[in-house]
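K.L.:
Quick one: the structure is below, questions incoming.
The values are calculated or read from the model by the stated rules, or taken from the named source; none is laboratory data. On a predicted model such as this, the values are computed, not experimentally measured, just so you know. Because the Cβ atoms are built from the backbone with ideal geometry, glycine has one as well, and the counts that use them run over all protein chains shown. With ligands, DNA and RNA removed, areas are computed over all heavy atoms of the protein, side chains included. Shrake-Rupley method; radii C 1.70, N 1.55, O 1.52, S 1.80 Å.
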Amino acid sequence: MNASDPFDLTGRTALVTGSSRGIGRAIAQAFVQRGATVAVHCRAQEEAEEAADELASVGPARARGFGVDLAEKGAGRRLTEAVLSTFGALDIVVLNASAQVRRPFIEIDADEFAFQIDINLRATFEILQVALPRMADAGWGRVLTIGSVQQVRPNAKLAVYAATKSAQVNLALNLAKQYAGRGITVNNLAPGLIDTDRNADLKSNEVAYRQLLQIIPAQRAGQPEECAWPALLLCSPAGGYITGADLLVDGGLHLP
Ligand code: NAP
């Protein structure tokens, strides 16, 4: 570790779920650039390995791909155990992968409800049940859940998704208090509208998208890197005294 650089992650090992693209990828890249060994994750093994190879080329450290579908029961536990057995350590976990079904509340069926709960909440629970005891033994750890501005400004077509994000924050706050004395911080980063594949459909309707941008005080969408830089703060030694924070990265969209 480089004592003169509080953002240095040399010697640290990180798992960033859903890091083949979008916000997760930008976070994984920021970590690799700061010297961390990163487990790059998405559903398909081949895609995860491709993304890991690309990331490994931008930093001095290692990146390995892990293809695990978090919709399957027990998948979060399997993923975390695989990362631990590959790297022998796990210092940083970013819970970024999520499922989002955009439909009116009354039309969401039981499978769509369960699908969002499974990926956005159950997988987080499973991953942290494996990772936190290891971090506690090591006396150092960083957990970052990725939430959403929907926690505080829920959209009618994203009611279940928004509820899963709020539940995840509640879990993060609970664990922040439980693990603060063990050298572990637990925080939540809540993005607003960020320019990723997830919003391709929204963006394809140019008129509606322009109207959407107008309700954001910053008058634009954020870039994935604008989530990665605050994530680096919260996951590096620089953020060592920040725990239980819910950081909105949304250009002011949460403001009344
Ligand atoms: P994205 O572009 O849709 O990427 C999602 C990532 O998660 C991909 O790597 C995807 O891998 C992975 N993933 C999805 N379902 C998975 C599953 N069942 N198992 C394993 N991996 C899975 O997402 P994003 O826009 O970067 O969003 C990242 C996070 O920010 C999410 O938690 C999202 O809720 C939150 N967020 C985003 C926005 C926004 O405007 N973009 C706003 C608020 C909050 P595959 O290639 O396998 O699909």
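K.L.:
Between 0 and 90 degrees, rounded to the nearest ten: what's the tilt of helix 45-56 against the longest Cα principal axis of the chain?
P.N.:
Value to nearest ten degrees: 70.
K.L.:
How big is segment 1-136 along each principal axis, measuring the range of its Cα positions in Å and listing the largest first?
P.N.:
So the extents along the principal axes, rounded to whole Å, are 54, 30, 27.
K.L.:
If you roll a 1.4 Å probe over the chain with all protein chains in place, what percent of the accessible area is carbon or sulfur?
P.N.:
Here carbon and sulfur together make up 52 percent of the probe-accessible area.
K.L.:
In whole Å and largest first, what semi-axes does the C-alpha gyration tensor of segment 55-197 yield when each eigenvalue is scaled by 5 and square-rooted?
P.N.:
27, 18, 15
K.L.:
Please report the net charge: other residues with Cβ closer than 11 Å to the Cβ of Pro191, K and R +1, D and E -1.
P.N.:
Local charge sum for Pro191: -1.
K.L.:
In whole angstrom, and with the biggest value first, how far do the Cα coordinates of segment 67-145 range along each principal axis?
P.N.:
If we take the Cα atoms of segment 67-145, the spans are 46, 20, 16 Å.
K.L.:
Over the chain, average the accessible area per residue using a 1.4 Å probe and give it in Å², no decimals.
P.N.:
That works out to 46 Å² for each residue.
K.L.:
Shifting gears a bit: Please state, rounded to one decimal and in Å, the Kirkwood hydrodynamic radius that the chain gives when every pair of distinct Cα atoms enters the mean of 1/r.
P.N.:
The answer is 18.3 Å.
K.L.:
Enumerate the whole-percent occupancy of each 5 Å bin, from 0 to the last occupied one, for all C-alpha pair distances of segment 175-256.
P.N.:
3, 14, 20, 19, 14, 11, 9, 6, 3, 1, 0
K.L.:
Could you go through segment 29-38 in sequence order and give the Karplus-derived ³J(HN,Hα) for each residue, using 6.51 cos²θ - 1.76 cosθ + 1.60 with θ = phi - 60°, rounded to whole Hz, and x for Gly and Pro?
P.N.:
Whole-Hz 3J(HN,Hα) from phi for segment 29-38: 5, 4, 5, 4, 4, 9, x, 6, 8, 10.
K.L.:
Under the Kirkwood approximation applied to all pairs of distinct alpha-carbon atoms, what is the hydrodynamic radius of segment 3-60 in Å?
P.N.:
11.2
K.L.:
Let me ask something else about it. Accessible area, 1.4 Å probe, largest first: how do Tyr179, Tyr241, Tyr161 sort?
P.N.:
The ordering from most to least exposed comes out as Tyr241, Tyr179, Tyr161.
K.L.:
Further question: Got the relative contact order for segment 152-256 handy, in percent, Cα pairs under 8 Å and 6 or more residues apart?
P.N.:
Rounded, it is 38 percent for segment 152-256.
K.L.:
Where Rh is the Kirkwood radius over the Cα pairs of segment 129-229, the temperature 20 °C and the viscosity 1.002 mPa s, what D in µm²/s does Stokes-Einstein return?
P.N.:
Answer from the Stokes-Einstein relation: 138 µm²/s.
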